[in-house]
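Take a look at the structure below.
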């Protein structure tokens, strides 16, 4: 690098010195060489800056957690408070509320829309923290965020108690496979003691109803805002430290399946200026990774691929290890009205939306062995997809109907791909489909 810089500045002097003893063709070559050096310097600088990035040290067990709960109950404020308290101990980088909800629309509306990823660590573990949106309109993004969690922090405001998205987020987290969680009752500075006790009882009842160990799940009371502003340590900083201790001790360190082929579901795709000169590599929270492991939340810099060729929902995988399918047999539990599901049964050919990992797609449902499925039933369903998706036997998914979660299921069998006629039935409108089915049955 030093020789390149020296050559860049000495080239004009060399040109003047040699002007009297060499011909014009040689002079042109020197000018071209100087220009080549000037062009190459930004590339070399980018390489140097990349090499100077901090290398991620894997010296603690890694665990993925995240905040779930109703909109405006304080999930993002709690995330910021966690970084504030840990930053004081030099275990995290302080991230303010505005740094987490940094999209223009998020700032304008004051709510979380996209999933945000934060890094921090305690004395025991390193954490990747996912801050999920609580608004009902952004359940799709919440499902994506929860799919990455080993454990969850359910946030409930003491002023409101259990609300619709509290219940739905808890249900979705359980369906996706989150088995361990802790609860933070927020905004206790704005509620009296009796109200806080009633909210805690309500939460424990809900946890038991949803299949969690409601009697033993740690419930911490406090105020994320007080912790963020450095006020009232008992419900501020001390409450955050209690929460971190509960996360460390109640959520077990996950066992990673490191012997299986590499698979990375793609959540976001970004264009980096000068990407043609960026050195290919992998990063975890903007720190260089020597190697990525199962459970890591990472960014991969790739070359020779156009931005429009990669989309959310795709996967990066070892060649030949995964396939995409559009016709599957599944076992699905359909939620009843009390669980937030439908109040009426449904029949074959209903169109639903299927969510799995970071992808979602429209599916046509075929009811097997009976005419209709009642709320609260466990049923075998065949799902025919509008477009093929990467999946495998045993994979879990969620079905939604508009703004309502209909049920959760598991892939039990992969069926032969749809032919042209079957695909036309899946993509056709309701009336066109009914006409075609009537002709087929004649």
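Among residues of segment 205-234 that are closer than 15 Å to residue 166 by Cβ, those with a Cβ under 6 angstrom from a residue that is part of a loop (DSSP other than H, G, I, E, B), sequence gap 6+ or separate chain, pair up as 206/162; 207/214; 207/217; 208/214.
Yes or no: residue 365 buried (at least 19 other Cβ atoms within 10 Å of the Cβ), assigned to a strand (DSSP E or B) and assigned by TED's automatic domain parsing to the domain that holds residue 420? Yes; evaluated as a whole, the condition is true for this residue. Number of residues in segment 324-345 that are farther than 23 Å from residue 166 by Cβ and touching a residue at least 60 places away in the same chain (Cβ under 8 Å) equals 9.
Each row is one residue, and each column tells you yes or no for (1) touching a helix residue (DSSP H, G or I) at 6+ places or on another chain (Cβ under 8 Å); (2) crowded, with 16+ Cβ neighbours inside 10 Å; (3) under 30 Å from residue 323 (Cβ atoms); (4) at pLDDT 90 or above.
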{"residue": "199", "(1), (2), (3), (4)": "no, yes, no, yes"}
{"residue": "204", "(1), (2), (3), (4)": "no, yes, no, yes"}
{"residue": "209", "(1), (2), (3), (4)": "no, no, no, no"}
{"residue": "218", "(1), (2), (3), (4)": "yes, yes, no, yes"}
{"residue": "237", "(1), (2), (3), (4)": "yes, yes, no, yes"}
{"residue": "240", "(1), (2), (3), (4)": "yes, yes, no, yes"}
{"residue": "246", "(1), (2), (3), (4)": "no, yes, no, yes"}
{"residue": "263", "(1), (2), (3), (4)": "no, no, yes, no"}
{"residue": "276", "(1), (2), (3), (4)": "no, no, no, no"}
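Specify the residue that is nearest to the chain's Cα centre (by Cα); the eligible residues are those in segment 158-167 that are surrounded by fewer than 22 Cβ atoms within 10 Å (Cβ to Cβ) and not in a loop (DSSP other than H, G, I, E, B). Looking at residues that are surrounded by fewer than 22 Cβ atoms within 10 Å (Cβ to Cβ) and not in a loop (DSSP other than H, G, I, E, B), I get 167.
The values are calculated or read from the model by the stated rules, or taken from the named source; none is laboratory data. This is a predicted model, so every value here is computed, not measured. Note that each Cβ is placed from the backbone with ideal geometry, even for glycine, and that neighbours are counted across all protein chains shown.
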